[in-house]
2 protein chains.
Amino acid sequence: MRSTEIASDEPTRLADIVAPMFSDQSGWTRQLRDGVKVELLAGADAQDDCAVFGVDGPMEIVLGSDYVRGPKFQLYELGHLSNYDIGYYLAMANLSDIAAMGALPIALLTVIRYPRSLPDVDFTALMEGIRDACSQVGAPNVGGDIGSAERIILSASAMGIVERGRSLLRTGARPGDRLCVTGPTGIAASAQRYFGGSGTDREKLPTAKEESLLSAWRRPQALVRHGRCLSTSGLVTSCQDTSDGLKAGVQSLAAASGVGFVVEESALPVADIVAEVAQLTGGDLTSVILGDSVDFQLVFTVTADGVPRLSKSFADAGLQLTEIGYATEEHAVCLRRADGRDEDLPGVPWRHAT
Amino acid sequence: MRSTEIASDEPTRLADIVAPMFSDQSGWTRQLRDGVKVELLAGADAQDDCAVFGVDGPMEIVLGSDYVRGPKFQLYELGHLSNYDIGYYLAMANLSDIAAMGALPIALLTVIRYPRSLPDVDFTALMEGIRDACSQVGAPNVGGDIGSAERIILSASAMGIVERGRSLLRTGARPGDRLCVTGPTGIAASAQRYFGGSGTDREKLPTAKEESLLSAWRRPQALVRHGRCLSTSGLVTSCQDTSDGLKAGVQSLAAASGVGFVVEESALPVADIVAEVAQLTGGDLTSVILGDSVDFQLVFTVTADGVPRLSKSFADAGLQLTEIGYATEEHAVCLRRADGRDEDLPGVPWRHAT
């Protein structure tokens with residue numbers, strides 16, 4: 001292959017092309033004429049869910065963007081998701097990045113392009129999905145860009161505010177910190193396995209269970225209350241959402257913080273529906289839980305002595321967290337099986353699909 | 001046509017579907033636990049270049065998003081624009097929205113999706129175009145989203161800061177205010193007329209002139225210095241960029257401010273190259289100047305007695321402005337021809353093309 005034809009995959013491009021272009025960006029500052037200052041606390045080089053800016057005053061601003069495949073979701077193509085659903089998803093996927101920073105979302109900006117032939121009813125449904133997701137977290141959709149394209153294209157940005165010094169970054173986990181997750185993962189992937197699988201003669205689940213699988217795609221929730229609880233606690237040392245899967249999340253906290261993790265298999269929260277679909281489809285349960293499932297849970301680290309206090313404040317707020325492991329000095333990330341053996345984390349690693 | 005098949009155009013959708021969904025949004029506030037407050041000063045209902053937030057402290061934050069057709073630009077398809085060029089354009093189109101608010105850009109977030117087969121050299125060129133445009137205005141590209149899609153998809157968001165109370169909105173023009181523009185318009189449209197036209201047996205321009213036409217697409221400039229001069233002057237009552245064309249800009253200032261405008265044909269700045277291409281292609285010069293040409297100039301209103309002071313501060317900074325008309329109580333927008341006749345503004349009205 002000639003060098004001009006090489007097309008690297010995404011992680012390679014991020015590492016080899018994008019990262020060098022934006023190295024040493026954090027720390028950049030800019031001033032208005034009267035001395036008002038803004039500082040980039042975490043830029044592209046931080047590779048966090050959002051960029052973080054410190055501004056004069058008592059808060060930081062976080063800002064992130066996510067493109068959503070939407071009409072290219074397999075479950076949309078199969079007719080299981082509506083235009084309302086992909087609008088809702090677009091908003092929540094972006095708002096989840098704000099939640100993962102421990103911030104309060106204050107704005108969503110949406111880019112909605114569509115073929116001229118898209119009927120008004122479908123366009124309206126899309127916008128209503130966005131509107132309702134925004135209402136759900138209490139942040140306004142403040143505009144963006146609408147217009148035509150050859151197919152539906154969905155992208156958005158979200159902005160949030162957080163108390164000065166309280167943004168939750170991926171860096172900051174230290175050996176001994178406890179690794180926690182806000183809830184079970186693998187549900188979104190199980191929905192794809194169940195509805196998108198080829199085994200059509202396979203046993204069918206009751207409608208209520210099918211609906212619970214689809215709700216991971218139809219009504220994903222940005223965990224803003226969880227994120228706020230984490231950031232205001234002062235006990236959390238690193239955080240991100242599981243939009244690339246739990247394995248990818250843990251690996252990324254490890255890489256950014258310069259630590260390793262032991263993940264206890266027996267401690268992983270398991271949703272009944274995930275276990276049921278794994279059995280039905282002959283999949284390995286732990287791989288599904290850790291793999292590239294877009295569940296928008298938060299995975300984070302807490303100082304060892306902070307866990308009881310954080311658990312209490314979560315319980316007081318009616319929220320849940322599960323301790324699933326701990327950070328190590330050794331940089332490897334491993335799964336401790338029930339019998340005590342340590343293995344590499346199973347599950348599909350993160351490679352964004354087309 | 002059944003009602004479920006109706007597919008309205010974009011202005012109709014904005015007016016009938018989007019606007020009612022986001023009415024009365026401006027004024028929304030949100031607080032962090034310790035009382036830190038943020039207020040949405042101009043939301044989607046304001047239909048400005050950006051949304052504007054007031055935060056505790058001495059500044060306002062502006063935020064906007066623009067999708068860019070990029071690979072669907074006719075001049076890209078014809079081979080006149082490179083991947084570097086459309087990356088540069090993406091950044092500048094978004095940064096121009098910040099300039100139009102009178103703000104200092106502090107961040108660009110980019111969404112870059114591409115077919116897996118896109119060679120690294122092309123991807124790199126795209127990113128370098130973005131990087132260089134950001135350097136040009138001194139704002140960092142703080143991240144966003146990269147990944148695959150079936151074709152190149154380019155979208156971005158930009159954020160800026162401006163002194164409290166100084167954001168330049170589209171509302172605020174009052175009868176008697178002077179209408180001004182920062183420079184000649186119609187160059188981008190002339191490039192399309194010249195290179196995209198069907199008359200291949202037409203006279204060819206010298207290479208230097210062809211290059212100057214293409215530079216409107218290859219190196220558009222966000223007029224940040226102009227915008228800052230306008231906002232800090234305290235003399236400007238409304239502003240927007242001419243990314244939808246000068247006519248659309250004037251009409252939109254009129255609609256948002258509840259005024260009309262008289263545009264003096266003889267006062268319109270004319271670039272030699274625009275006149276030359278209009279003659280070569282048999283087009284009406286004034287229609288080209290006013291029509292849907294993406295030139296990223298700023299069109300704005302100034303208090304009548306403020307014009308001399310603003311002109312001086314522009315001249316001191318080595319910048320230019322041209323007075324092209326004035327605001328009227330009557331809501332109509334008209335062109336005053338050299339012979340004194342008033343007509344509707346000529347030129348293609350804004351309808352985003354596919």
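Select from the stretch B:8-33 the residues that are within 7 Å of chain A (Cβ to nearest Cβ), surrounded by fewer than 18 Cβ atoms within 10 Å (Cβ to Cβ) and assigned to a loop (DSSP other than H, G, I, E, B) and list them in ascending order.
Across the stretch B:8-33, the qualifying residues are B:S8, B:R33.
Can you name the number of the only condition in (1) surrounded by 21 or more Cβ atoms within 10 Å (Cβ to Cβ); (2) without any contact (Cβ under 8 Å) to a residue 40 or more places away in the chain; (3) more than 14 Å from chain B (Cβ to nearest Cβ) that A:D201 fails?
(1) is the only condition that A:D201 fails.
When you scan the stretch A:141-150, do you find a residue that is without any contact (Cβ under 8 Å) to a residue 12 or more places away in the chain, more than 18 Å from the chain's Cα centre (by Cα) and surrounded by fewer than 24 Cβ atoms within 10 Å (Cβ to Cβ), even just one?
No: the stretch A:141-150 contains no residue that is without any contact (Cβ under 8 Å) to a residue 12 or more places away in the chain, more than 18 Å from the chain's Cα centre (by Cα) and surrounded by fewer than 24 Cβ atoms within 10 Å (Cβ to Cβ).
Scanning the stretch A:34-58 for residues that are surrounded by fewer than 18 Cβ atoms within 10 Å (Cβ to Cβ) and among the charged types (D, E, K, R), which turns out modelled with the highest pLDDT?
For the stretch A:34-58, the residue satisfying everything is A:E39.
For the subset of the stretch A:70-121 comprising residues that are under 21 Å from the mean Cα position of the chain (by Cα) and polar (S, T, N, Q), which member is farthest from A:D49 (Cα to Cα)?
The qualifying residue farthest from A:D49 (Cα to Cα) is A:Q74.
Being surrounded by fewer than 21 Cβ atoms within 10 Å (Cβ to Cβ) and at pLDDT below 95 narrows it down to one residue among A:G318, A:G347, A:G340; which is it?
Testing whether each residue is surrounded by fewer than 21 Cβ atoms within 10 Å (Cβ to Cβ) and at pLDDT below 95 leaves just A:G340.
Looking at the structure I just gave you, is B:P140 over 23 Å from A:V62 (Cα atoms) and within 7 Å of chain A (Cβ to nearest Cβ)?
It is false that B:P140 is over 23 Å from A:V62 (Cα atoms) and within 7 Å of chain A (Cβ to nearest Cβ).
So, of the residues in the stretch B:40-69 that are more than 16 Å from the chain's Cα centre (by Cα) and of a type in the set (D, E), which turns out to be nearest to B:G245 (Cα to Cα)?
B:D45
Report, by residue number, each residue of the stretch A:68-88 that is among the polar types (S, T, N, Q) and either surrounded by fewer than 20 Cβ atoms within 10 Å (Cβ to Cβ) or more than 14 Å from chain B (Cβ to nearest Cβ) (or both).
Residues satisfying the conditions are A:Q74, A:S82.
Is it true that A:M92 is within 7 Å of chain B (Cβ to nearest Cβ), out of contact with any Ser or Thr (no Cβ under 7 Å at 6 or more places or on another chain), crowded, with 20+ Cβ neighbours inside 10 Å and within 19 Å of A:C239 (Cβ to Cβ)?
Here the answer is no, as A:M92 does not meet what is asked.
When the residues of the stretch A:227-239 are filtered to those that are of a type outside the set (S, T, Y) and crowded, with 24+ Cβ neighbours inside 10 Å, which remaining residue is farthest from A:F314 (Cα to Cα)?
The extreme case among them is A:C239.
Restricting attention to the stretch B:103-126, report how many residues are in contact with a Phe, Trp or Tyr (Cβ under 9 Å, 6 or more places away or on another chain), surrounded by 19 or more Cβ atoms within 10 Å (Cβ to Cβ) and of a type outside the set (S, T, Y).
Residues in the stretch B:103-126 being in contact with a Phe, Trp or Tyr (Cβ under 9 Å, 6 or more places away or on another chain), surrounded by 19 or more Cβ atoms within 10 Å (Cβ to Cβ) and of a type outside the set (S, T, Y): 7 in total.
Identify, from the list A:S117, A:S65, the residue that is more than 29 Å from A:R166 (Cβ to Cβ) and facing chain B (nearest Cβ under 8 Å).
Sole residue among the options that is more than 29 Å from A:R166 (Cβ to Cβ) and facing chain B (nearest Cβ under 8 Å): A:S117.
The values are calculated or read from the model by the stated rules, or taken from the named source; none is laboratory data. This structure is a prediction, so every number in the text was calculated from the model and none was measured. Don't worry about glycine lacking a Cβ; one is built from the backbone with ideal geometry, like all the others, and counts go over all protein chains shown.
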